[in-house]
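All remarks here apply to the structure that follows.
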Amino acid sequence: MAGLDRIDLELLAALADDPRVTIVALAENLGLSRNTIQARMTRLEQTGVFLSYERSFSTDVLGFPLQAFVSIGVRQTELPRIINELARIPEVVQAHGLSGSIDLLARVACRDARHLFDTDARILSIDGVERTETSLAMGEVIPFRVAGLIGLARRES
């Protein structure tokens, strides 16, 4: 996507402050028409600015309080198939491809230590997975956020 203009950044800042804000409220707060806000939202959506409209839920309330990160080393030639198989494991709630000595980093949610052990075994059983290393998450200390980046982009534009 080409650069975001000042109005796009103001719109994104308002959404970061209140993700549930209505189009009408955005229009009032930004001093723009509803049609302008809607058109910009549509353009931002179509160009991939918004990652997801999925609500985030606490895995704790779903009965999966144990969070861990599994570092996964794989045979590179089989990476696409391994990612597809990894995506079929429901306990894998997120994964990233990495550079360096680790190929993938998967975030998993489990009921308890035994469930984590079994989940790790399922990951290891995927053909092409060569090794894993599991680290328990002790707690989220900085949640995913973009408001600071929006502010930085606004100052630089």
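The values are calculated or read from the model by the stated rules, or taken from the named source; none is laboratory data. Computed from a predicted structure; not experimentally measured. Here Cβ is always computed from backbone atoms with ideal geometry, including for glycine, and neighbour counts include all displayed protein chains. When the accessible area is computed, the model is the full protein with side chains, heavy atoms only, and any ligands, DNA or RNA have been set aside. Shrake-Rupley method; radii C 1.70, N 1.55, O 1.52, S 1.80 Å.
Here are the numbers for this structure:
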quantity	calculated
Out of Arg154, Arg111, sole residue that is at pLDDT 95 or above and either under 18 Å from the mean Cα position of the chain (by Cα) or of a type in the set (Lys, Arg) (or both)	Arg111
Sole residue being over 20 Å from Val141 (Cα atoms), touching a residue at least 12 places away in the same chain (Cβ under 8 Å) and open to solvent by 70 Å² or more (accessible area, probe 1.4 Å), chosen from Arg75, Arg107	Arg75
Residue, farthest from Arg145 (Cα to Cα), within the stretch 19-39, restricted to residues that are under 24 Å from the mean Cα position of the chain (by Cα) and open to solvent by 70 Å² or more (accessible area, probe 1.4 Å)	Thr22
Residue in the stretch 113-123 that is of a type outside the set (Val, Ile, Thr), part of a loop (DSSP other than H, G, I, E, B) and in contact with a Cys (Cβ under 8 Å, 6 or more places away or on another chain) present	no
Search result, residues across the stretch 40-72 that are without any contact (Cβ under 8 Å) to a residue 24 or more places away in the chain, open to solvent by less than 60 Å² (accessible area, probe 1.4 Å) and more than 15 Å from Pro19 (Cα to Cα)	Thr42, Ser58
